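Undergrad: Encoded as structure tokens, here's the structure I'll be asking about.
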Amino acid sequence: MALLDSNEWQDLSGKLAAASTSVQVQELRAEWIGRRGRITLALKALSNLSPEERRQQGQVLNAAREQATRLIDERLEQLRQQEEDRQLLNERLDMTIAGVEPKVGLLHPLTRVRRLLEDLFLRMGFSLAYGPEIETTWYNFEALNIPENHPARDMQDTFFVDLPGMVLRTHTSPVQIRGMEAAAGSLPVKIIAPGRVFRRDDDATHAPMFHQIEGLVVDRGITLGDLKGTLVAMATELLGASIGTRFRPSYFPFTEPSVEMDVTCAACGGTGCRTCKGTGWVEILGSGLVHPVVLQNGGYDPQEVSGFAFGLGIERLAMRIFGLDDLRPLYQNDLEYLMAFDRYTGRPML
Ligand SMILES: [Zn+2]
């Protein structure tokens with residue numbers, strides 16, 4: 001029985017060399033040494049032979065099976081190695097390719113200005129205080145010496161809510177009363193109260209919701225000089241050492257006397273232009289000495305203590321710091337617009 005002559009070996013090694021996948025090699029294994037493989041069947045057929053022939057052919061066939069097994073295993077290992085090399089090549093990290101820059105967020109410009117103010121006043125020894133945005137008319141008006149017939153209570157300005165005696169607060173000043181109540185007669189009271197306020201206003205420089213920061217100091221012997229020193233220090237730090245400031249008499253129901261603070265116009269530097277209506281000054285906040293009625297409503301005796309208070313619009317200050325002439329885009333969540341503030345480097349921002 002002539003089995004596995006040199007032609008057949010060439011056939012097997014040629015097919016193995018041509019096999020490019022392990023599946024193809026496994027097919028060859030089945031064809032040659034599988035349960036119904038050529039060599040396997042030949043070995044089974046040995047039982048028909050004489051003992052002498054069986055011994056001879058048996059040796060040859062067993063050697064052939066070993067050799068075929070070795071050739072097949074070698075080819076499988078070769079293919080596995082090739083596959084691994086290919087993978088390593090494909091998955092190689094190219095350190096020269098430019099990376100994908102991660103998107104990094106930044107704080108909203110109004111948040112940055114609020115934090116700038118908070119940081120400044122906390123360093124001056126103030127502490128933070130907060131009040132509700134839906135407020136009673138007592139805290140929003142009466143306690144602040146704003147009588148029933150005052151224009152601030154007009155439907156034009158105030159958002160009334162569907163609850164008796166409640167409004168959306170029109171300013172952060174109610175926190176003056178709440179702050180004095182919380183201090184419960186102790187001295188000094190020295191708070192700032194940042195927060196949202198609401199008025200029926202909507203144009204390029206007014207939004208129906210905007211932010212204020214309220215300041216209140218109550219102690220023995222507080223004068224307009226303390227007010228002026230505090231606010232000039234604030235303006236100098238926020239707007240630069242060369243900023244000019246002036247205080248003008250004004251009127252607010254909850255302060256007496258009342259003063260408005262002006263700073264030199266950013267557009268003309270104080271020489272006079274259209275922005276400042278030729279005066280060289282722009283108003284940035286209202287302030288004054290706390291009205292005796294307000295001190296009383298907060299639980300303090302105006303014969304013993306005095307105080308000053310101020311309130312400024314965070315939007316207005318942000319417009320000044322960032323040089324904006326319209327505040328509305330600040331609320332429109334246009335990412336491109338807001339991200340442009342990233343390039344603002346004129347001042348260390350928190
Ligand atoms: Zn000007």
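The values are calculated or read from the model by the stated rules, or taken from the named source; none is laboratory data. Owing to the predicted nature of the structure, the values given are computational and were not obtained by experimental measurement. Every residue, glycine among them, receives a Cβ derived from its backbone with ideal geometry; neighbour counts consider all protein chains shown. Keep in mind that these areas ignore ligands, DNA and RNA; they rest on the heavy atoms of the full protein, side chains included. Shrake-Rupley method; radii C 1.70, N 1.55, O 1.52, S 1.80 Å.
Undergrad: Over region 6-90, what is the relative contact order in whole percent, taking alpha-carbon pairs under 8 Å and six or more residues apart?
TA: RCO, region 6-90: 32 percent.
Undergrad: With charges only on Cβ, +1 for K and R and -1 for D and E, what is the dipole size of the chain about its Cα centre, in debye, rounded to 20?
TA: Computed charge dipole of the chain: roughly 720 debye.
Undergrad: For Ile243 and Arg92, calculate 0.36 nm times their separation in residues minus their Cα-Cα distance, and state this gained length in nm to one decimal.
TA: Result: 48.4 nm gained on full extension.
Undergrad: Let me ask you something else. Show me the ranking of peptides 230-239, 84-93 by mean Cβ neighbours inside 10 Å, starting with the highest.
TA: Per-residue mean Cβ counts within 10 Å order the peptides as 230-239, 84-93.
Undergrad: Quick check: the angle from helix 174-183's long axis to the longest principal axis of the chain, C-alpha only, nearest 10 degrees?
TA: The angle comes out near 90 degrees.
Undergrad: What's the local net charge at Glu304, with K and R +1, D and E -1, over the other residues with C-beta under 11 Å away?
TA: Result for the neighbourhood of Glu304: -1.
Undergrad: With unit charges on the beta carbon (Lys/Arg positive, Asp/Glu negative), name the residue among Leu71, Val217, Cys273 whose Cα is farthest towards the positive pole of the charge dipole of the chain.
TA: The Cα lying farthest towards the positive end belongs to Leu71.
Undergrad: Net charge within 14 Å of Phe159 by Cβ-Cβ distance, Lys/Arg positive one each and Asp/Glu negative one each, not counting Phe159 itself?
TA: -2
Undergrad: Give me the percent of accessible area attributable to carbon and sulfur for the chain, probe 1.4 angstrom.
TA: Solvent-exposed carbon and sulfur of the chain make up 52 percent of the total.
Undergrad: So, with +1 on the Cβ of K and R and -1 on the Cβ of D and E, and no other charges, what is the size of the charge dipole of region 6-90 about its Cα centre, to the nearest 20 debye?
TA: 360
Undergrad: Helix-only mean residue ellipticity at 222 nm, the chain, DSSP H runs n ≥ 4 weighted -39,500 (n - 2.57), per residue, nearest 500. What is it?
TA: -12500 deg cm²/dmol
Undergrad: Using a 1.4 Å probe, what is the accessible area per residue for region 44-105, in Å²?
TA: 87
Undergrad: With a 1.4 Å probe and all protein chains kept in place, how do Leu168, Leu187, Leu285, Leu335 rank by accessible area, largest first?
TA: From most exposed to least exposed: Leu335, Leu187, Leu168, Leu285.
Undergrad: Please report the Cα spread of the chain along all three principal axes, rounded to whole Å, starting with the longest.
TA: Largest first, the chain extends 134, 49, 37 Å along its Cα principal axes.
Undergrad: Counting Lys and Arg as +1 and Asp and Glu as -1, what is the net charge of the other residues whose Cβ lies under 15 Å from the Cβ of Glu31?
TA: +4
Undergrad: For the chain, find the longest principal axis of its Cα atoms and tell me its angle to the long axis of helix 6-18, 0 to 90°, nearest 10.
TA: Orientation of helix 6-18: about 10 degrees from the principal axis.
Undergrad: Mind checking which of Glu142, Glu52, Glu260 has the largest fluctuation in a GNM of the chain, springs on alpha carbons under 10 Å?
TA: Result: Glu52 has the largest fluctuation of those listed.
Undergrad: Which peptide among 123-129, 276-282 comes first, and what is the full order, when sorted by highest mean count of other Cβ atoms within 10 Å?
TA: The densest-packed peptide leads the list: 276-282, 123-129.
Undergrad: Quick one: compute a quarter of the convex hull surface over the Cα atoms of region 37-188 and quote it in nm².
TA: The orientation-averaged projected area of the Cα hull of region 37-188 comes to 27.4 nm².
Undergrad: Cα centroid distance between region 160-190 and region 275-300, in Å?
TA: Each part reduced to its Cα centre gives a spacing of 17 Å.
Undergrad: Pick from Arg316, Arg169, Arg36 the residue whose mean-square fluctuation is largest in a GNM of the chain, springs joining Cα atoms under 10 Å.
TA: Arg36
Undergrad: On to the next question. Before anything else, pin down the relative contact order of region 267-323: Cα pairs under 8 Å, at least 6 apart, normalised by residue count, whole percent.
TA: In percent, rounded to a whole number, it is 28.
Undergrad: A follow-up question, please. Could you work out the relative contact order of region 109-343, using alpha carbon pairs under 8 angstrom and six or more residues apart, expressed as a whole percent?
TA: Relative contact order of region 109-343: 21 percent.
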